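The values are calculated or read from the model by the stated rules, or taken from the named source; none is laboratory data. All of these numbers come straight from a predicted model, not from anything done at the bench. Cβ coordinates were reconstructed from backbone atoms using ideal geometry, including for glycine residues, and neighbour counts include every protein chain displayed.
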Amino acid sequence: MAAVCPQTGQSIGMLSPYISTEVVNVYLKQFATELATDVHAVLIWDQAGFHKSKELVVPENITIIELPAYSPELNPVENLWQYLRSHFWSNRSYGDYDDLREAACEAWQRVCLTAEMIKSICRADYIERS
């Protein structure tokens, strides 16, 4: 899972071998603690079941905006996933889960820890301030 800010280039991610409401809750809790005390984050995400669960716990310093169904092109983080797949993960073979995890971590470190890369990859004209 990941959250990106196309304006600042900040990114926060978490690797998990599966996704569920429980995993999303862990991510949101961690994400909320990494925000500055004067920051309120807005997360844009799809309508996956684990995003809409009644057991979802959204911290007070986070607001969720649900995208219309079948509109991933409106979510800036989807550009990041596409970039990572095309530049790092596609057309490769992984011996086991540990190899896949290592590739995911390496790609994250090479791309997501560089603010200018995130700003470029995840830029979305429709959410920029005028």
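Filter the stretch 95-130 down to the residues that are within 14 Å of the chain's Cα centre (by Cα) and of a type in the set (Val, Ile, Thr), then identify the one that is surrounded by the fewest Cβ atoms within 10 Å (Cβ to Cβ).
The extreme case among them is Val111.
Among the listed residues Val77, Val39, Val111, identify the single one that is of a type outside the set (S, T, N, Q) and at pLDDT 95 or above. Even if it seems obvious, please write down each step before you answer.
Values: Val77 fails: at pLDDT 95 or above; Val39 fails: at pLDDT 95 or above.
Every option except Val111 fails the conditions.
Mind checking whether some residue in the stretch 3-16 is surrounded by fewer than 12 Cβ atoms within 10 Å (Cβ to Cβ) and either under 20 Å from Ile127 (Cα atoms) or of a type in the set (S, T, N, Q) (or both)?
Yes: the stretch 3-16 contains one or more residues that are surrounded by fewer than 12 Cβ atoms within 10 Å (Cβ to Cβ) and either under 20 Å from Ile127 (Cα atoms) or of a type in the set (S, T, N, Q) (or both).
Any residue at all in the stretch 16-23 that is under 15 Å from the mean Cα position of the chain (by Cα), under 20 Å from Pro76 (Cα atoms) and modelled with pLDDT of 95 or more?
No, the stretch 16-23 contains no residue that is under 15 Å from the mean Cα position of the chain (by Cα), under 20 Å from Pro76 (Cα atoms) and modelled with pLDDT of 95 or more.
How do the pairs read when you match residues in the stretch 17-29 that are surrounded by 15 or more Cβ atoms within 10 Å (Cβ to Cβ) with residues anywhere that are aromatic (Phe, Trp, Tyr), using Cβ under 8 Å and keeping only pairs 6 or more apart or on different chains?
Going by the 8 Å Cβ cut-off, the qualifying pairs are Thr21/Phe50; Val23/Phe50; Val24/Phe50.
Kindly evaluate Ile62 against the criterion of being closer than 18 Å to Gln7 by Cα, in contact with a Ser or Thr (Cβ under 6 Å, 6 or more places away or on another chain) and at pLDDT 95 or above.
no
Considering only residues that are aliphatic (A, V, I, L, M) and under 14 Å from the mean Cα position of the chain (by Cα), look in the stretch 30-46 and name the one that is surrounded by the fewest Cβ atoms within 10 Å (Cβ to Cβ).
Residues of the stretch 30-46 aliphatic (A, V, I, L, M): 32, 35-36, 39, 41-44.
Retained after the next criterion (residues that are under 14 Å from the mean Cα position of the chain (by Cα)): 32, 41-44.
Working: Ala32: 16, Ala41: 19, Val42: 11, Leu43: 16, Ile44: 17.
Only one residue tops the list, namely Val42.
Name the residue that is nearest to Thr114 (Cα to Cα), counting only residues in the stretch 1-20 that are part of a strand (DSSP E or B) and small (Gly, Ala, Ser).
First, the residues of the stretch 1-20 that are part of a strand (DSSP E or B): 2-4, 11-13.
With small (Gly, Ala, Ser) added as a condition, the list becomes 2-3, 11, 13.
Values: Ala2: 14, Ala3: 14, Ser11: 9, Gly13: 13 Å.
Restricting to residues being part of a strand (DSSP E or B) and small (Gly, Ala, Ser), the top hit is Ser11.
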